[in-house]
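The values are calculated or read from the model by the stated rules, or taken from the named source; none is laboratory data. Remember, it's a predicted structure, so these values are computed and weren't measured experimentally. Note that each Cβ is placed from the backbone with ideal geometry, even for glycine, and that neighbours are counted across all protein chains shown. Keep in mind that these areas ignore ligands, DNA and RNA; they rest on the heavy atoms of the full protein, side chains included. Shrake-Rupley method; radii C 1.70, N 1.55, O 1.52, S 1.80 Å.
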Amino acid sequence: MNLKDYRNHFIQTLTPLYDAGEAESFFYLTLENRHGLKRVDLVLQPDFELSGNEIQDWNQILDGLKDFTPIQYLLGKTEFYGLEFEVNGNTLIPRPETEELVQWIILDCKRTDHPQPLRILDIGTGSGCIAIALAKNLPNAVVSAIDVSAKALEVARRNAGFNGVKVQFLQQDILETSDLDAQYDIIVSNPPYVRELEKQEIKPNVLEHEPHLALFVADEDALVFYRKIAQLAIKNLAKDGKLYFEINQYLGKETIGLLENLDFKSINLRKDIYGNDRMLKADR
């Protein structure tokens, strides 16, 4: 089949489920992933033919999208902070808001004199996106990362290899941890923070396919991970160390209050690109 004709079929099939712009974006993401071609190449090669095997591959992706499987899982990869990451159903798909958190840390580190090497810990690393992006952009840092999921850590280790950085990965349940056994200049975490009551706000592609272990917390104790990590940070952050969090947009004041009660200083709440309270920095 002619690729141009398949494009029309692909988008027409998806438009009852997605808006036309999103359906089109899925097509071009797949085009680049599977054939190394961009939008302009389709214009320059209007007679590009798909083989029978290639059509079968495209149809599998189309079927997955009809089932609301995230395109990143179907393609097996995504981009984060200019780097390529493997993702699958054992890891969350990195979000643009998390890139903003990484950018904040990198800019702070480059503006400030730090001991060398800078010691960084990422708690709840998932695909490894935060730890790896920091290691890539702060080459003098020594970066460690923790996750409770062995399968997520397998993905994270592969991602570190793909991106040519060294990160120490540890399997650990942070809620069962009494001490981190080291001192760090920076502790960062994007822990589970979506309350059960907020499930109705979650799109089907996230709710039905991304790991709930990395997403949801009980309504009655939505800050359980923040409390535990902050308590550990009291003991395991070096003097003048900094704690960075990605947070639930509805719980900014509550998270600030938690950190104030633990005597953290200079607490700074920031909004994300969508105008939501999304990240915090606090000084030890």
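Measuring with a 1.4 angstrom probe and ignoring ligands and nucleic acids, GLU100 comes out at about 50 Å² accessible. Subtracting the Cα-Cα distance of ARG34 and TYR250 from their residue separation scaled by 0.36 nm leaves 73.8 nm. Under 5 Å between amide hydrogens, built in the peptide plane, is the criterion, and for LEU180 it picks out nothing among residues at least 5 positions away or on other chains.
Do the sum for the chain: with -39,500 (n - 2.57) for every DSSP H run of n ≥ 4, divided by all residues, what is the mean residue ellipticity at 222 nm, to the nearest 500 deg cm²/dmol? Taking each H run of at least 4 residues, the total per residue is -12500 deg cm²/dmol.
How would MET279, MET1 rank on accessible area, largest to smallest, probe 1.4 Å?
Working: MET279 5, MET1 100 Å².
Sorted by accessible area, descending: MET1, MET279.
Within the assembled protein chains, the solvent-accessible surface assigned to VAL224 is about 40 Å², based on a 1.4 Å probe. Of ASN53, ASN88, ASN33, which is the most mobile in a GNM of the chain whose springs link Cα atoms less than 10 angstrom apart? In the Gaussian network model the winner is ASN53.
Each Lys and Arg Cβ is given +1 and each Asp and Glu Cβ -1; about its Cα centre, segment 26-68 then shows a dipole of about 180 debye.
Distance between the modelled labels on LEU262 and ASP113, one decimal in nanometres: 2.9 nm (7 Å Cα→Cβ projection).
For segment 1-43 versus segment 181-253, the spacing of their alpha-carbon centroids is 36 Å.
Which shape class, rounded, prolate or oblate, goes with the chain when its Cα gyration tensor gives a ≥ b ≥ c as root eigenvalues, a/c under 1.5 marks rounded, and past that a/b bigger than b/c marks prolate? Kindly include the intermediate steps, with their values, before the conclusion.
Details: a/c = 2.34, a/b = 1.84, b/c = 1.27.
The shape class here is prolate.
Using DSSP H assignments, which helices in the chain have an axial alpha-carbon span of 20 Å or above and a mean Kyte-Doolittle hydropathy of 0.0 or higher? Provide the component values of the computation, followed by the final result.
Values: long enough: 20-35 (22 Å, -0.51); 52-66 (21 Å, -0.90); 96-111 (23 Å, -0.36).
Counting only whole DSSP H runs, no helix qualifies.
FRET efficiency for the pair ASN2 and ASP67, taken as 1/(1 + (r/R0)^6) with r the Cβ-Cβ distance and R0 = 30 Å, rounds to 0.70. For the pair LEU269 and ASP173, how long in nm is the line joining their label points, each one 7 Å along Cα→Cβ? Result: 3.2 nm between the two label points. In this simple spin-label approximation, GLU22 and LYS203 carry label points 7 Å from Cα along the Cα→Cβ vector, and these lie 0.4 nm apart.
The dipole here belongs to the chain: it is taken about the Cα centre, uses +1 on the Cβ of Lys and Arg and -1 on the Cβ of Asp and Glu, and is about 860 debye.
Write out the trypsin sites (Lys or Arg not before Pro) in segment 8-117 meeting two conditions: DSSP loop, and at most 14 other Cβ atoms within 10 Å of their Cβ. Don't jump to the answer; show the numbers that get you there.
Details: sites: ARG34, LYS38, ARG39, LYS66, LYS77, LYS110, ARG111; in loops: LYS38.
Sites meeting the loop and neighbour criteria: LYS38.
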